[in-house]
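Working notes, beginning with the structure itself.
The values are calculated or read from the model by the stated rules, or taken from the named source; none is laboratory data. Keep in mind that what you see is a predicted model, and the values were worked out from it rather than measured. Backbone-built Cβ (ideal geometry, glycine too); neighbour counts: all protein chains shown. Remember, those area values only see protein heavy atoms, side chains included, never the ligands or the DNA or RNA. Shrake-Rupley method; radii C 1.70, N 1.55, O 1.52, S 1.80 Å.
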Amino acid sequence: MNVLVINCGSSSLKFQLINAKSEEVLAKGICERIGIDGRLTYQPEGGEKEKSEKAMPTHTEAIQFVIEALTNPETGVVNSLDEIGAVGHRMVHGGEKFASSVVITDEVKKAVEECNDLAPLHNPANLIGVAACENLMPNTPMVAVFDTAFHQTMPPKAYMYGLPYEYYEKYKVRRYGFHGTSHSFVSKRAAELLGKAYDETKTIVCHLGNGASISAVKDGKCVDTSMGLTPLEGLVMGTRSGDIDPAIMEYIAKKEDLDIAGVMNVLNKKSGLEGISGLSSDFRDLTAGAKEGNKRAIAAIEVFCYRVAKYVGSYAAAMNGVDAIAFTAGIGENVGLVREKVCSYLGYLGITLDAEANAKSGDDCVISAADSKVKVAVIPTNEELAICRETVALV
Ligand code: ADP
């Protein structure tokens, strides 16, 4: 069976068509500028990337173009829609309603809609993607895979904030966590790499991309994670601040004459690596800047790594030990310097890195030294494949 994996944003739609049996990506691409003008990038396996401008007033036209590209007699990878057995949709926020993936029904859509307040930019876009696919493929089963679901196993002590309890009861203010599909995928793979049973392994997953989060996974269940009610909490990210003293918000609002939306904009879009460095949110630019002696680029890298190390330490405490630390996503997979700096704080856990392995790390590799008490690994994440697997399991 082929599974179409859809990740719908407010003005974009990423897709992959995956052969579920061989797990081979048959084609992938992205529709951008939906509702503005419209651009489709499409790449069949082993083929050239094609870019085309197409009018996409809504996500329905975008999906229509994706299907046309997939079934195109020359560059397509399937003969007809019948060869797409199921669609897996990435959903951002499932609130407390969804602790696992589900087959999409009218009830499910209603429940997702009820979580819209918790992710006002993402959930409505995800639902538009579902509706657009349903229009064009009314008989194809669809599955919702939630970013928050994997973290629903956290105990109350990890998800409750020190706020009036009625905010939790009335408004569902609590820690939810995100990147769950990635944390689940990577923690499972880490146990495999260790040769241990998943339900007997303590793993800390460092998902370090433009958005970044850490999770503590004990005996196959997430017990804590760094993102909170929203993806703003936790690590220092590309443009997000991560943890700050909440009183800074009022202080900055007064000094800069900003309202709450203005302060939130600063914390989400002008902070993090970009805010500290004044250079870029992109780690490649920061490492290049640091090499040239740019002090603020150096500071941004130091703050980033220190924050990761502090979280690792706290999660080792939360789980009373750790068997494996796994680095993943753009920075975690590609920047040996970050892994080295983070691990340099973790000697007290008996961690030693194999410098050579760390420098040339490729897919799924252990980078800790043979005598290290904790295994450290680089495990490329693959959220689309994880969504494909979840979809197949349910249909
Ligand atoms: P997201 O999915 O959250 O947008 P990614 O997982 O793609 O983020 O990670 C993006 C980050 O990873 C950027 O900071 C980028 O600079 C960094 N990155 C990606 N590839 C490399 C690489 N080869 N070398 C250094 N940094 C990289």
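Descriptive notes on the structure:
- Whichever residue in the stretch 230-269 is open to solvent by less than 60 Å² (accessible area, probe 1.4 Å) and among the charged types (D, E, K, R) and, among such residues, is nearest to the chain's Cα centre (by Cα): E233
- Set side by side, the residues T391, T381, T352 differ, and just one is β-branched (V, I, T), in contact with a Gly (Cβ under 9 Å, 6 or more places away or on another chain) and open to solvent by 20 Å² or more (accessible area, probe 1.4 Å), which is T381.
- A count restricted to the stretch 186-209 and to residues that are open to solvent by less than 10 Å² (accessible area, probe 1.4 Å), more than 16 Å from the ligand (Cβ to nearest atom) and either at pLDDT below 95 or in a strand (DSSP E or B) (or both) stands at 2.
- Scanning the stretch 225-263 for residues that are away from the ligand (no atom under 16 Å from the Cβ) and touching a residue at least 12 places away in the same chain (Cβ under 8 Å) yields G228, L229, D243, I244, M249, I252, V263.
- Among (1) in contact (Cβ under 8 Å) with a residue 24 or more places away in the chain; (2) part of a loop (DSSP other than H, G, I, E, B); (3) surrounded by fewer than 20 Cβ atoms within 10 Å (Cβ to Cβ), the one test that P138 misses: (1)
- Tabulated pairs, the stretch 269-289, first closer than 16 Å to G330 by Cα and in contact (Cβ under 8 Å) with a residue 60 or more places away in the chain, second more than 8 Å from the ligand (Cβ to nearest atom) and in a loop (DSSP other than H, G, I, E, B), C-beta under 6 angstrom, 6+ apart or interchain: S281/T239
- Flag for V78 being of a type outside the set (D, E, K, R), modelled with pLDDT of 95 or more, under 17 Å from L17 (Cα atoms) and in a loop (DSSP other than H, G, I, E, B): yes
- Of the residues G272, G332, the single one that is within 14 Å of the ligand (Cβ to nearest atom), on the phi > 0 side of the Ramachandran plot and open to solvent by less than 20 Å² (accessible area, probe 1.4 Å) is G272.
- Within the stretch 57-75, residues that are within 14 Å of E32 (Cβ to Cβ) reach partners that are open to solvent by 60 Å² or more (accessible area, probe 1.4 Å) and among the hydrophobic types (A, V, I, L, M, F, W, C) with beta carbons closer than 6 Å, at six or more positions or on different chains, in the pairs H59/I128.
- Residue within the stretch 299-310 that is over 30 Å from R189 (Cα atoms) and out of contact with any helix residue (DSSP H, G or I) (no Cβ under 8 Å at 6 or more places or on another chain) present: no
- Among the residues of the stretch 335-347, the one identified as of a type in the set (G, A, S) and either in contact (Cβ under 8 Å) with a residue 60 or more places away in the chain or within 14 Å of the ligand (Cβ to nearest atom) (or both) is G336.
- Checked against (1) more than 16 Å from the chain's Cα centre (by Cα); (2) under 11 Å from T225 (Cβ atoms); (3) in contact (Cβ under 8 Å) with a residue 60 or more places away in the chain, F178 passes all but a single condition, namely (1).
- Matching residues, the stretch 1-38, being small (G, A, S) and either touching a residue at least 60 places away in the same chain (Cβ under 8 Å) or open to solvent by 30 Å² or more (accessible area, probe 1.4 Å) (or both): G9, S10, S11, S12, A20, S22, G35
- Of all residues in the stretch 129-159, those satisfying the criterion of being among the β-branched types (V, I, T), farther than 15 Å from R174 by Cβ and under 24 Å from the mean Cα position of the chain (by Cα) are V130, V143, V145.
- All conditions but one from (1) at pLDDT 95 or above; (2) of a type outside the set (D, E, K, R); (3) not in a loop (DSSP other than H, G, I, E, B) apply to I63; the one that does not is (1).
- So K218, is it buried (at least 21 other Cβ atoms within 10 Å of the Cβ), away from the ligand (no atom under 16 Å from the Cβ), charged (D, E, K, R) and farther than 20 Å from E340 by Cβ: yes
- Within the stretch 301-322, the presence of a residue that is surrounded by 14 or more Cβ atoms within 10 Å (Cβ to Cβ) and touching a Gly at 6+ places or on another chain (Cβ under 6 Å) is excluded.
- Within the stretch 338-374, the set of residues being under 28 Å from the mean Cα position of the chain (by Cα) and aromatic (F, W, Y) comprises just one member, Y345.
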